[in-house]
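Only one structure is covered here, and it is reproduced in the block below.
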Amino acid sequence: MGGIVVKEALNISHVDIPRFDNIRDSVFAILFLAVPHRGSDAVPLISVVASIANVAAKGTGVSLITGGVRSDLVKSLKRGSPRIMKIVNDFKKFTGTIKIYSFTEQDAIRGKNSLVGVPFLFSPKI
C-alpha cells in the first residue's frame, strides 16, 4: 500500500503546488516493489486480517495510538476500484520526467503454486 500512498502524495503535490513544491521538485525517480498498482484480488483476505488486528489491538491500547486499520482504505484497494483508478490516472498526468521502476513477481518457480520473487521490470508510467 505504500506505493499507492506515494502516488497520492505526488498527486497532491501537483494540486497544492506552493505547499508541497519541495516534495514534488525533489523526486526524480521512484522504485516500486510489489505495488498493486491497479488494486488487488486479495482484499477479502486483507480485510479479515485487518479485522483481527483491530480486535487484537483494542485490548492493548495500541489502537488508541495508531487508530487501528481503516477498513475503508483496505476496501479501496480492490482491483479496479474507483478510488485506486483515480489515483493511477492522476499519477500518469503528473509523472513528467520522473523515472519509474516497478518490480513485481511475474513467474512461478517450479514446484511452487504461487509467484515467488522472480522480478519483472515495468515502467511505462504505471
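Read-outs: derived from the displayed coordinates by stated rules, not from any lab. Owing to the predicted nature of the structure, the values given are computational and were not obtained by experimental measurement. Here Cβ is always computed from backbone atoms with ideal geometry, including for glycine, and neighbour counts include all displayed protein chains.
When the Karplus curve 6.51 cos²θ - 1.76 cosθ + 1.60 is applied with θ = phi - 60°, which whole-Hz ³J(HN,Hα) does each residue of the range 79-91 get, with x for Gly and Pro?
Running phi through 6.51 cos²θ - 1.76 cosθ + 1.60 with θ = phi - 60° gives 3, x, 4, x, 5, 5, 5, 5, 4, 4, 5, 5, 4 Hz.
Sort the following peptides by mean Cβ neighbour count (other Cβ atoms within 10 Å, averaged over residues), highest first: 72-78, 6-12.
My ranking of the peptides, most packed first, is 6-12, 72-78.
Given H placed on each backbone N at 1.01 Å, which residues far from Phe32 in sequence or on other chains put an amide H within less than 5 Å of it?
Tyr101, Ser102, Phe103
Going by C-beta contacts inside 10 Å, put Ser13, Ser71, Ser81 in order with the fewest on the left. Kindly include the intermediate steps, with their values, before the conclusion.
Working: Ser13 19, Ser71 13, Ser81 16.
So the residues, fewest neighbours to most, are Ser71, Ser81, Ser13.
Which whole-Hz ³J(HN,Hα) couplings does the range 6-12 yield from phi under the Karplus relation 6.51 cos²θ - 1.76 cosθ + 1.60, θ = phi - 60°, glycine and proline marked x?
With coefficients 6.51, -1.76 and 1.60, one gets 4, 4, 5, 4, 5, 4, 5 Hz.
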